[in-house]
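Note sheet for the following structure.
The values are calculated or read from the model by the stated rules, or taken from the named source; none is laboratory data. Because the structure is a prediction, the values reported are computed rather than measured. Cβ: placed from backbone, ideal geometry, glycine included. Neighbour counts: every protein chain shown. When the accessible area is computed, the model is the full protein with side chains, heavy atoms only, and any ligands, DNA or RNA have been set aside. Shrake-Rupley method; radii C 1.70, N 1.55, O 1.52, S 1.80 Å.
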Amino acid sequence: MAKQGQETARGPSEGSAKGLDGLAAAAKDGAGEDKGLPPVHLWNPPFCGDLDMRIAADGTWFYTGTPIGRPALVRLFSTILKREDGKYFLVTPVEKVGITVDDAPFLAVEMQREHDASGTVLKFRTNVDDWVTCDADHRLRFEAAEDGGLTPYLHVRADLWAKVTRAIYYDLVDMGEERMVDGTAMFGVASSGAFFAMADAEQVRQAT
């Protein structure tokens, strides 16, 4: 029985082209004719082991150590990505395989600044060409970076986030403002009527 379990766990990784194409075919079958995102939250297939697939911190997808050079394939896999209990999986109607994500599964590589009745509206394009409007449901969060600065992340969907590129981070800082949050002056950015705090305003003033 142990041997059978080991074989099941290895199965998805066997045969580079066959493995990718088989997973892609299952994902396409599950998506059907709807051009929107597949209903991965409704799929509950058996776990078939870990796949030798990794999303690097720069957004590059690797399979068996080799970058996946087909953007359309990366885009397809990104639509069946799911996170559960801190782990990442690719899910189709017939199988569920684990993958490795070094940081965040997506990158926010472009930002557009618009205005509506609520004020500033920030829209971000990810590296797989999804557009996400930053609002209360798709918020920005800021984490301490190794260089002493901050790294922004944008909520894309479910428990999936996009790391915001350094160039866009500087744009966010340039448009930052101070607001009172729970009695404390905070520095941050506003979008779609919501405010996303970066840091204590007094600390920002001292740093500059």
> Which label belongs to the value computed from this structure, given these candidates for log10 I(q)/I(0) by the Debye sum over Cα atoms at q = 0.11 Å⁻¹: (i) -0.61; (ii) -0.54; (iii) -0.70?
Replying inline: (i)
> Could you give the accessible area per residue of the chain, probe 1.4 Å, as a whole number in Å²?
Replying inline: 55
> Of all the accessible heavy-atom surface of the chain, with the other protein chains kept in place and a 1.4 Å probe, what percent is carbon and sulfur?
Replying inline: 49
> How high is the relative contact order of region 83-208, in percent, with contacts defined as C-alpha pairs under 8 Å that are six or more residues apart?
Replying inline: 20
>> Name the residue from Ala144, Thr126, Pro46 whose Cα lies farthest towards the positive end of the charge dipole of region 43-148, charges +1 on Cβ of Lys and Arg and -1 on Cβ of Asp and Glu.
In response: Pro46
> If you place +1 on the Cβ of every Lys and Arg, -1 on the Cβ of every Asp and Glu, and leave all else neutral, what size is the dipole of the chain about its Cα centre, to the nearest 20 Debye?
Replying inline: 580
> Given Gly86, Tyr169, Ala26, which one lies farthest toward the positive end of the charge dipole of the chain, if we put +1 on the Cβ of every Lys and Arg and -1 on the Cβ of every Asp and Glu?
Replying inline: Ala26
> What shape does region 15-127 have by the C-alpha gyration tensor, where a ≥ b ≥ c are the square roots of the eigenvalues, rounded means a/c under 1.5, and otherwise prolate means a/b greater than b/c and oblate the rest?
Replying inline: prolate
>> Can you compute the helix-only [θ] at 222 nm over the chain? Use -39500 (n - 2.57) per DSSP H run of at least 4 residues, normalise by all residues, nearest 500 deg cm²/dmol.
In response: -7000 deg cm²/dmol
>> Shape verdict for region 85-157, please, from the Cα gyration tensor: rounded (a/c under 1.5), prolate (a/b greater than b/c) or oblate.
In response: oblate
> Where a ≥ b ≥ c are the square roots of the eigenvalues of the C-alpha gyration tensor, would you call region 132-208 rounded, which needs a/c under 1.5, or, failing that, prolate if a/b is larger than b/c, or oblate?
Replying inline: oblate
> Dipole of region 134-198, Cα-centred, from +1 at each Lys and Arg C-beta and -1 at each Asp and Glu C-beta, to the nearest 20 debye?
Replying inline: 160
> Ranked from the most accessible area to the least, with a 1.4 Å probe and all protein chains present, what is the order of Val173, Val189?
Replying inline: Val173, Val189
